[in-house]
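Everything on this sheet refers to the single structure shown next.
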Amino acid sequence: MGRLKVRLILAFLSLILLPIGVTGSLLQLQSSELEEKERTYRNSMNELESTLKRQLNNTSVSSLELNALANQYAAEINIKDVEGETVFTSYKDSEAASQNKAFADSSTLFHVQAEDGRILFVELSSRMPFTDTILRSILISVGSGLIALILLIIGWTWYISRTILSPLKEIYAATEEVKEGNLDYPIQYRRKDEIGKFIRGFNTMRTHLKQSQEKEEQFREDRKQLIANISHDLRTPLSSIRGYVEGLQDGVAQTDEMQKKYFRVIRQKTDQLDHLIEDLFQFSKLDLRQLPLDQQFVDSRAFFQSLLDDTVEDGKSKNVRIAIPQQIPSVPLSLDPVRITQVMNNLTENAVRYGADSIVIAIKIEHDKSNLTISVKDNGEGMEKEDLTKIFSRFYRAEKSRSRESGGTGLGLAIVKSIIEQHGGALWADSELNYGSTIAFTLPFLKK
């Protein structure tokens, strides 16, 4: 049963049972007091009866003595003979006597033979207002119950308003803010009841909407940047190609050597365009998860030994010294050999492109024994700390390396990131300006 439902049931039961309990308890208390008063009255009347019988039997009693007894015992005495004539009465008037007769339960009747032989009928009644006391007790009990009911209604109204109505007002205000586009309006509510679950769900929805909106805005910005970068990266080599072609058409390159140079530059620019288009194609496929991985089970030592041997030879042709580990850990991996080879080539080419002439490649097993870590450390230009979180974004280049003359498309590391993530690994970078960079990634291996 939900906590809110429990609170509502408790409120309903308390509104019924507590006033009844207060009224019943006070009635019980008042009843006990009335019973005690009645016992005192009965004892007093019995004592007065005994006194009157003794005095009326043995002596003649004056009116003063009877009045004194009436005052002493807080009672009314009414004495009549057999003819019904009043011999003595302590009532002040006939109306009081008739009212007393109306409440016969508070009167005591007995007869006695007086000293002169007459039979006298004696009526004793208490001066205590039993009826008024009973009515007052009932009114006090019922009134206390009503006061308890009113206080409970006020208390529960305040409590429900604070725990139910106020949060609902907050939810309504939040929905209005969301409707107006303000997604920075969290609702604070700490109770773990149904309303709390609803509010937490609302806050989660608001957070997801905000994240979706931020992603959409980032996507729009990326798309603008993508179009701008593609336009620039296509225009630059095309302009060069056009210039060299026009030079050939206009006869600027008159010698064979000049013509070969022009053709060589045109070939380089077309290769650059081809490289850009290929990178764009691969990245779009990877980004849309439309380039499936051809994963195979391989041994890490055999795979990386062959791959790094080729990398070292390639580095020699570029006058770059590449150091590889002497002992590569042997663990089972599930990977796409072509894509991981592409990752390693991109990382080494990226290091060479930005000034490295020495690269150290390290491969080790993480402490949790579930990932293989491969790192590529170079002695190139390095980069600022603020660039580290952006270098894996599409078309991003650090400020010192914005020139397209280096031949980079700005997609290499973005492609690397996408490939590693599809393999279930992670990718990160560490760098310091003028002290080189380290880019590392992990590949999860199959536990035996």
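See the values below:
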read-out	value
Output for the stretch 26-56, where each listed residue is loosely packed, with under 15 Cβ neighbours inside 10 Å, of a type in the set (Ser, Thr, Tyr) and touching a residue at least 40 places away in the same chain (Cβ under 8 Å)	31
Some residue of the stretch 378-386 being polar (S, T, N, Q) and either assigned to a helix (DSSP H, G or I) or modelled with pLDDT under 80 (or both)	no
Filter pass, residue 135 being touching a residue at least 60 places away in the same chain (Cβ under 8 Å) and more than 20 Å from residue 39 (Cβ to Cβ)	no
Residue check, residue 210 of a type in the set (D, E, K, R), in a helix (DSSP H, G or I) and touching a residue at least 24 places away in the same chain (Cβ under 8 Å)	yes
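The values are calculated or read from the model by the stated rules, or taken from the named source; none is laboratory data. Fair warning: this is a prediction, and the values are worked out from it, not measured in the lab. We place every Cβ from the backbone using ideal geometry, glycine too, and count neighbours over all the protein chains shown.
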